[in-house]
Every structure is written in C-alpha cells, then in structure tokens.
1. Mind counting the residues in the range 97-133 that are at pLDDT 95 or above and open to solvent by 30 Å² or more (accessible area, probe 1.4 Å)?
2. Any idea which of (1) modelled with pLDDT of 95 or more; (2) open to solvent by 20 Å² or more (accessible area, probe 1.4 Å); (3) polar (S, T, N, Q) is the one Ser307 doesn't satisfy?
3. Would you check if there is a residue in the range 3-22 being buried (at least 22 other Cβ atoms within 10 Å of the Cβ), among the acidic types (Asp, Glu) and either outside any helix (DSSP H, G or I) or touching a helix residue (DSSP H, G or I) at 6+ places or on another chain (Cβ under 9 Å) (or both)?
4. Considering Asp369, Asp340, Asp293, which residue is surrounded by fewer than 21 Cβ atoms within 10 Å (Cβ to Cβ) and either closer than 21 Å to Leu23 by Cβ or without any contact (Cβ under 8 Å) to a residue 40 or more places away in the chain (or both)?
5. Which residues, counting only those in the range 343-366, are open to solvent by 30 Å² or more (accessible area, probe 1.4 Å) and basic (Lys, Arg)?
6. Among the listed residues Phe135, Phe185, which satisfies the condition of being in contact with a Ser or Thr (Cβ under 6 Å, 6 or more places away or on another chain) and either without any contact (Cβ under 8 Å) to a residue 24 or more places away in the chain or not polar (S, T, N, Q) (or both)?
Amino acid sequence: MKIALFLEAYLSQANASATHVSLLAEGLVKLGHEVLIVTTDPETDDCYEQDGILYCPAKPSASLFGQSARVSKLPGLMPMIEAFSPDLIHIQTFTEIGGIGLKYAQKHQLPVVCTIHELQDVLEGYGANRPAVLFNKRQGQTLMKKILSGSDVITTASKKCAKAVQALFPCQIHTIPYCVDTERFCPRTLDDPSKESMRTRLHLTDGKVGFVFSGRLSAENRVDDLLAFWSKAVALRDDLRLILVGSGPDAAELHERARVLGVGDKVFFAGSLTRDDLSLCFSVCKAFVSASDSITMEAAPIEAIASGLPVILRPASANADLIISGVNGFSYETSDELGDIVKKLAQLDADGELLMRKLVSKTAASLTDLNQAKALVSCYEMAFGRHTQS
C-alpha cells in the first residue's frame, strides 16, 4: 500500500502530530508499505522532495506549529504527489496542508483517514489581536469540519479530543494507541556508566533527586502552574529538584517566575535535549511530572513510562487516561498531594526503584512502532471498504 501522510510541521517541531507520524512511518515501512510525508519548510521558496518527505514553502505563523504553508505554493505539490501515486491519504493536521491532502484525495477519488492530535488553534484561535484570533478560529473550525466530513475514517488517541470534536461536529471517532519509540525509551541498567555524566549535567549530584518535565515551555503546558505547585510541595531543605527539559516562548519568563517563587535553586532549566539524551535524562530521574491539562495526547509522558519512569499528572490531561494508579503513575489535584507523591518516590532505595521501573515499563511494552502501524492499517482497510461503498 502507498500512503501519503499530511501534516503542517514535521522535522522542525516536536509536537504530537510530528512524533506520531515519525513512528507511524517507521512502522508502516517495516510492514512493507510505502510512505510519503507531505509537510512545510519555511526555509524554501519552492516545493521539493528529500528522503521521502515532500516540502511546501511556509511562512512564519502565530499558530501552534509556528509556520503555515504559503497558499500560493500549494498547487506545486500536486504533480509531486501524483508522482508518488498514493493509494490512501492520511491527514494529521487541520491546516492548509491537511486541506491540500483532502483536495488531492477528492480529485483522485481516494479513501481518506484523519487523525486528530492538537486542537488548540481550532478551539481557541491564534493571532496578534482579537479580530485575528476570531478569524483564525472560524477558519480552523471550517477547515476541520470540511476534512472530517470528507474522511472515511476518523481516529484519535485522546478520548478528550474526541469529545471536544464531537461537540462541534458529531461524527464517529475510532480510538487508536499513541505509541512511542520503545527501543530508544526503555529501562537502563542501574550501573550504566553514561548516567553519571547526565546527573552532573542536570546538577543532580550530592544526593539530589530529580523529577522531570519535558515539553514546550509555553502557556498551553501550564509550566507556570507546575512551578507554583512545586514551590508549595517542596521544602527548601529537601534535596528534590525539578528538571525542565525543552524550550519555548515563555522560557525567560519562567526563569524569573521560579526566582520570584523562591525555588530558583530547586529548578534546573536543561534546555532542549536530543532524543537519546532525553532517554538518559529519564533514567536518572525519579518521575515525570506535569501540570498540563491539555486534551492533546503527548509523547513525553508515554516515553517516560516506556523508560520505566512513573508519571505524575493532573487528572484533566489526556495522558492521565493511561495512568494505572500506583503502577505506572499518579494523579494529583493539590500541591500537598504532589508533595506526598514526590517524597515517597524520592525515598525508594535501589532495589525498590529497579522493581518500580520494571513494573512501569511493562505497561508500555505494546506501544511499539509496529503496533502503531498495525492499528492504522486496520483503519486504512476500513476506509477502503467504506470508500468503495460510498
């Protein structure tokens, strides 16, 4: 089968759709399918293809993706997609690129599968002023409804996303797993020599215990709330440290926020890490912690679980649906609850931590690239059947 995957931003972003597509493409290729990824590139003036990825010129944008396809350049994608000659179109974002995927499918009478990831722009809009925000919100919802109505099968990994979409556009949505790179994110041995250098890099020496958040340092991830919770949950005498991995528009403001809250020396901003370094970071921390209430299913908490790291999440977040309480994670509502959880985890000895990591990682053992691909191939087959009948 030849599958074309459409999403607004890919290699330049570490968002939910990009992470999903990367793993899905790997799994599909392993199963013997051919894949073309169609996305955007703000550094080019012409459409081009490289290593199975087709790029359309993009412009900077205030959207979640930070870039949007240049509409005048979209027609240039058509002959290049035709050269690949896909059997099925799989749309990943409610954006201009998603729209051109739908247009191609309708022109060539191909089945369409849509996967719902981020809904922030659709639900809230974006822009420099209120008129722009409202305009982009209306445009986003109009395009979303057009893509959904033109899809043979609609999928999502987030039950909360499904509910939000169905409130705007009643439709049948199939739940799929959100899988991660379980070969890269897996438990490491306690005596792994590379762990000591990572501890030093993260300032986790002299008995300090780390708890990690990884993600975009921005308002939607509620990192400011996490700092507020942390300031109340952790006493100044405790050797507990919050490690913030990532970059984003609010990084400088969050540095100042930590200082004002009096936890500047209890928080370490690690900046962006490579995927391998993030895996190593997970191996030297006690748990993944977040204050996000996003309905988007994010990769980082699942990657942490696959690494054997329990997650501590707010119950409103999409990823909280994956928590098996006391096995692979915990949920909290108050700073006192967060404090109790992190202090108990910090007191685990080496044997207890080893046992915990084995139990936690087992809950993500099935979330592989092959199983991601198999789940979507089932949806593709369903789409072919429905498209033939329509």
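The values are calculated or read from the model by the stated rules, or taken from the named source; none is laboratory data. Here the structure is a predicted model, which is why all the values come from computation and not from measurement. Methodologically, a virtual Cβ is constructed for each residue, glycine included, from the backbone with ideal geometry; neighbour enumeration extends over all protein chains shown. Keep in mind that these areas ignore ligands, DNA and RNA; they rest on the heavy atoms of the full protein, side chains included. Shrake-Rupley method; radii C 1.70, N 1.55, O 1.52, S 1.80 Å.
1. Of the residues in that region, 5 qualify.
2. Ser307 satisfies every listed condition except (2).
3. If we filter the range 3-22 for residues that are buried (at least 22 other Cβ atoms within 10 Å of the Cβ), which is where we start, we get 3-10, 15-21.
Remaining after also requiring among the acidic types (Asp, Glu): 8.
Filter once more, so that each one left must be either outside any helix (DSSP H, G or I) or touching a helix residue (DSSP H, G or I) at 6+ places or on another chain (Cβ under 9 Å) (or both): 8.
Yes, there is a match, as at least one residue in the range 3-22 is buried (at least 22 other Cβ atoms within 10 Å of the Cβ), among the acidic types (Asp, Glu) and either outside any helix (DSSP H, G or I) or touching a helix residue (DSSP H, G or I) at 6+ places or on another chain (Cβ under 9 Å) (or both).
4. Numbers: Asp369 fails: surrounded by fewer than 21 Cβ atoms within 10 Å (Cβ to Cβ); Asp293 fails: either closer than 21 Å to Leu23 by Cβ or without any contact (Cβ under 8 Å) to a residue 40 or more places away in the chain (or both).
Criteria check complete, one pass: Asp340.
5. Within the range 343-366, Lys343, Lys344, Lys358, Lys362 qualify.
6. On the way: Phe135 fails: in contact with a Ser or Thr (Cβ under 6 Å, 6 or more places away or on another chain).
Only one candidate qualifies: Phe185.
Quick grid of which residues meet (1) modelled with pLDDT of 95 or more; (2) acidic (Asp, Glu):
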residue	(1), (2)
Asp239	no, yes
Val245	yes, no
Ala251	no, no
Phe269	yes, no
Asp276	no, yes
Ala287	yes, no
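Each row is one residue, and each column tells you yes or no for (1) closer than 16 Å to Ser290 by Cβ; (2) among the charged types (D, E, K, R).
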position	(1), (2)
Ile176	no, no
Arg188	no, yes
Asn221	yes, no
Leu226	yes, no
